[in-house]
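The values are calculated or read from the model by the stated rules, or taken from the named source; none is laboratory data. Just so it is clear, the structure is predicted and the values come from calculations on it, not from any experiment. So basically every Cβ, Gly included, is an ideal-geometry build from the backbone, and we count neighbours across all protein chains shown. Accessible surface areas use protein heavy atoms only, side chains included; no ligands, DNA or RNA. Shrake-Rupley method; radii C 1.70, N 1.55, O 1.52, S 1.80 Å.
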Amino acid sequence: MTKKRKRQEDFQKVKLKVGKKKPKLENATDTTFKTKAIQIPEQLKEDGVLPTQNRKLNIKDLLSQMHHYSPGVKHNALLGLKELLSQYPFVIDAHLSSIISEVAAVFTDKDSSVRGAAVHLLQFLASKIRAEQIAPFFPLVSAHLSSAMTHISEGIQEDSLKVLDVLLEAYPALLTDRSIILLKNFVELISHQQLSKRLKSRDKLSWMLSVNPNRRVTSQQWRLNVLTRLKKFLQAVVDGSSDTEDEGLQEQKDNSHSVRNPICISWKLHANNQQHIQLFESGGLRPKINSSFRLRSLTSVMDSAEKGLSSAENLKGFIEIIIPLLIECWIEASPAQSAPILGNLLESESQQLMQQVLSIIHLLWKLTKRHDETYKMELWLRMNYLVDFKHHFMRHFPYSLQDTVKHKKKDLCKSNRNCMKSSNNIDHLLLNLTLCDIMVSLASTSTLQTDSGWLDMIRKFVTDTLQDGSKLNSKQVNRLLGVTWRLMQIQQNKVATEPLIKAVYTLYQQRNLLFPVRTLLLKFFSRVYQKEDLRTQRIRSRSKVLSRWLAGLPQQLALLGLRNPELSNQLIDIIHSAASRSNKELLQSLQATAARIYDPLDGTLVLLPAEAQRRLVQLVYFLPCLPASLLACLSRCCIMGRMSSDLAATLIGILHMRYRAPCW
């Protein structure tokens with residue numbers, strides 16, 4: 001074999017045939033391999049303990065999905081969190097920090113459905129988490145809320161108000177601790193800063209109402225939404241202040257630094273000289289100790305920003321910013337701007353906006369009263385805002401509400417579908433009463449002549465409302481009596497106060513009054529009587545209307561009986577107070593009605609509970625005369641067992657003290 005032939009055999013080509021597989025190369029690499037699953041039970045042991053929801057996701061899985069880029073995944077994660085936490089509430093305590101931080105982070109999410117789900121979840125969590133539990137994490141929640149309120153997106157701003165509603169409802173005290181930042185956010189929601197040309201030299205910024213056409217609601221409706229929340233926030237600040245008085249009629253305090261210390265006297269022990277009464281030690285006044293003990297004193301290191309509205313400087317600064325904006329809102333909603341022909345008639349939306357404006361001013365006025373320099377604050381408020389208030393607020397006073405009613409085609413008003421008519425309800429009354437409350441707080445005895453014009457308008461409105469007040473509720477009556485009391489303090493002569501007392505008495509005489517209304521009227525008359533009794537010790541000039549009211553109390557007590565024991569107790573307390581002051585009219589009426597009150601069969605004495613019976617027995621001591629018929633009634637009450645043996649012994653002790661002088 002030659003070398004050429006041998007070389008051809010070494011490098012001989014393999015001929016491939018159709019349909020046959022290609023033979024594998026000698027140097028081909030085998031890529032086939034086999035796999036087997038490796039199971040580690042300990043790895044899944046920890047997650048297996050955590051409860052899951054319907055989609056088999058636990059708390060860690062759901063919280064991790066909150067960082068997903070897809071809005072749908074985040075929305076489903078929020079819904080899954082609510083489902084999981086409602087089924088297993090104990091998970092909240094174990095993962096509270098993570099839940100709060102993740103939910104607060106989506107307050108500013110771009111997707112509206114995610115923000116809505118976050119609000120619903122926050123509302124659910126608020127019902128499960130106490131204030132002391134969420135307090136360590138509340139600065140983070142407040143920071144996210146502020147970021148949402150000041151966000152550039154209108155939708156995020158609107159949803160931030162919903163978050164604010166939830167927090168105000170559940171944690172008002174925690175929210176008001178950061179009042180300065182949130183109040184500035186409220187201002188920025190309805191206005192913007194602008195450097196005033198007049199104030200350039202002072203480097204001060206003025207605020208102007210802003211208009212955003214991109215919002216889904218009108219500018220007036222948006223301001224109404226913001227001011228409604230601002231009013232709730234300020235109300236929470238006022239409620240959290242122990243030094244601020246409630247609105248309306250207040251109890252008269254003899255001394256702001258003292259409290260009443262009543263002492264119980266036993267007639268049996270006192271008659272036997274076994275109980276000694278120290279006149280000055282048991283006189284009813286005791287120093288009030290205001291303890292400000294804390295684990296760590298923060299007063300010295302707390303700056304004005306941290307004090308919030310408790311600082312007079314911060315309160316003045318906020319008033320200077322918000323009052324001009326509120327006046328601008330009032331001007332836009334006032335009748336002169338909306339419909340000049342209607343005069344002082346308001347539409348529903350305008351009335352709501354104006355009510356919020358006045359409510360905010362009223363709350364700010366109440367906050368000014370808790371500072372030591374109250375008199376200076378009142379002078380500052382009067383000097384800066386009385387002129388604007390008279391010009392804008394009192395211009396169309398009093399205001400009334402108009403309803404827009406849509407009639408059907410078959411109606412008589414076919415040509416005019418929207419007919420304006422006066423509303424039969426009294427929703428507008430709260431607006432007028434709030435305005436009266438604000439204005440009378442700016443008046444005083446020294447400024448009576450200057451303010452006589454608009455004070456007469458308020459006095460006439462109050463008098464007319466009281467005389468026709470059959471449909472008033474307790475809140476409105478409370479406001480009315482508060483304004484009435486303030487008017488009586490401003491002008492204390494009988495010519496001015498007697499018509500006001502007569503108007504209140506007209507309301508008091510009406511039948512079927514609600515029990516809270518009747519209670520407020522009794523407190524008002526009792527307070528007026530005590531005030532007049534102190535004044536008439538020097539000047540004997542009693543109110544005839546007040547004397548008539550006092551004279552009718554015993555008869556009302558006899559007629560009331562057991563129908564309303566609480567109201568009967570109030571009547572007994574007032575009668576006892578007036579009888580101890582030897583009021584002639586009341587003692588004569590009590591003497592004439594004594595037989596009915598102490599009747600052993602159906603008298604007031606035998607119908608009321610034991611404590612009320614004790615007070616009625618004590619009234620026997622003040623009766624001008626003890627006739628035989630009355631003594632017989634009292635004797636039968638004791639014999640028939642209509643009173644306890646101790647009370648019968650008390651009655652005998654009272655009669656023993658008076659037996660030598662049965663008639664005074």
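Set side by side, the residues Arg548, Arg563, Arg527 differ, and just one is in contact (Cβ under 8 Å) with a residue 60 or more places away in the chain and closer than 24 Å to Thr506 by Cα, which is Arg527.
Set side by side, the residues Gln489, Gln467, Gln476 differ, and just one is within 17 Å of Arg527 (Cα to Cα), under 30 Å from the mean Cα position of the chain (by Cα), open to solvent by 10 Å² or more (accessible area, probe 1.4 Å) and not assigned by the TED database to the domain that holds Glu378, which is Gln489.
Residues in the range 67-78 that are open to solvent by 40 Å² or more (accessible area, probe 1.4 Å) and either in contact with a Phe, Trp or Tyr (Cβ under 7 Å, 6 or more places away or on another chain) or under 13 Å from Ile99 (Cα atoms) (or both): His67 alone. Do you know which residues across the range 96-123 are touching a helix residue (DSSP H, G or I) at 6+ places or on another chain (Cβ under 6 Å), outside any helix (DSSP H, G or I) and open to solvent by 40 Å² or more (accessible area, probe 1.4 Å)? Passing the criteria: only Asp111.
Residues are listed down the side, and each one gets a yes or a no for (1) within 16 Å of Thr650 (Cβ to Cβ); (2) open to solvent by 60 Å² or more (accessible area, probe 1.4 Å):
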residue	(1), (2)
Pro600	no, no
Leu605	yes, no
Leu616	yes, no
Tyr621	yes, yes
Leu634	yes, no
